[in-house]
Amino acid sequence: GLAVARADRVMQAPDWCRVTNAGTAGVAPRRPAVVVDLSSLWAGPLAGALLLRAAAEVIKVESVARPDGARRGHSGFFDRLNGGKRCVALDFADARGLAALRALLRHADIVIEGSRPRALRQMGIVAEEFLAERPELVWVSVTAYGRDATVGEWVGFGDDAAVAAVLSQRMAETYGQMLFVGDAVADPLTGLQAAVAALAAWRQGRGGLGAMSVAGVAARAARLGGIWPGEFLSARAERWTRLAAKWTGRRDEVPAATRRARALGADNAAVLAALGALC
């Protein structure tokens, strides 16, 4: 239950992305994607922010009891990752809140979530069941070490996942001491990768459950010297890597100021009214 990793031992890195419940390629959509973003902190919200910049409509869904912890941090960081998203807050302990969540998920094209598998399952939200109903749905699950039975319950964040991915050992080999690489570097790597993979799958009209491992993504970056999504569904995904490079801009450029993130639950009335009309 602790976010820890050994820096002196090379772990067996999990798959950076394991795709299951994948449907056959359908007709590529000709409209912006609707994204339901259930994630918090960094990796998942970054994926949602990049999809927003690729013209998607992104609805950020939070628990009224436990909203995104990044709201309590630096406002500029939170705005950068969540500005422009519509913000909905639901009571997951209430039947009406869960019903609204299920309705949102049924109308999404892409779902992003960053919880351990049991967190949603204990609320009756099972990704595989939604995919059985709608094979075209793209469901991106971001966890520290994947969704397998044991490691799927391990807690992990960007810094310790990077340590588990031997990045600190690489620093020791180069600089003579164990060091962190950047600031939780595995998080932005995973967020970028998740956005590219989700967009590639959706543009192909092919759904599935993509289990993104933060440690696995970081390990793959260390092994290859870069991060490329060629194995995700098909080689066509590499086209969207080039698009992602355009989203992020050149290294020497400061991104334009983003919009302020919406307050917790600011769009409840509008989103739920629109959802009611659809249902």
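Per-structure values
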| read-out | value |
| --- | --- |
| √(5λ) per eigenvalue of the Cα gyration tensor, segment 38-189, largest first, Å | 30, 19, 15 |
| Mean separation of Cα contacts under 8 Å, 6 or more apart, over the residue count of segment 1-143: relative contact order % | 27 |
| Table column - 3J(HN,Hα) (Hz), segment 158-169, Karplus curve with 6.51, -1.76, 1.60, x for Gly and Pro | x, 6, 6, 5, 5, 5, 4, 8, 6, 5, 5, 5 |
| Simple spin-label estimate for L179 and L264 in nanometres, 7 Å along Cα-Cβ | 3.8 |
| Accessible surface of segment 1-109, 1.4 Å probe, proportion on carbon and sulfur as whole % | 53 |
| Segment 18-63: relative contact order in percent, alpha carbon pairs under 8 Å with at least 6 residues between | 42 |
| Heavy-atom accessible surface of segment 121-207: percent carbon and sulfur, 1.4 Å | 56 |
| Relative contact order of segment 31-88, pairs being alpha-carbon contacts under 8 Å that are 6 or more residues apart, as % | 41 |
| Label-point separation in nm, H107 to A274, each point 7 Å along Cα→Cβ | 0.8 |
| Computed lengthening from A119 to V27, 0.36 nm per intervening residue step minus Cα-Cα distance | 29.8 nm |
| Theoretical FRET efficiency, 1/(1+(r/R0)^6), r = Cβ-Cβ of R6 and D91, R0 45 Å, to 0.05 | 0.70 |
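The values are calculated or read from the model by the stated rules, or taken from the named source; none is laboratory data. Quick caveat, the model's predicted, so the values are computed rather than measured. Virtual Cβ from ideal backbone geometry, glycine too; neighbours counted across all protein chains shown. Areas reflect the complete protein model, heavy atoms only, side chains present, ligands, DNA and RNA absent. Shrake-Rupley method; radii C 1.70, N 1.55, O 1.52, S 1.80 Å.
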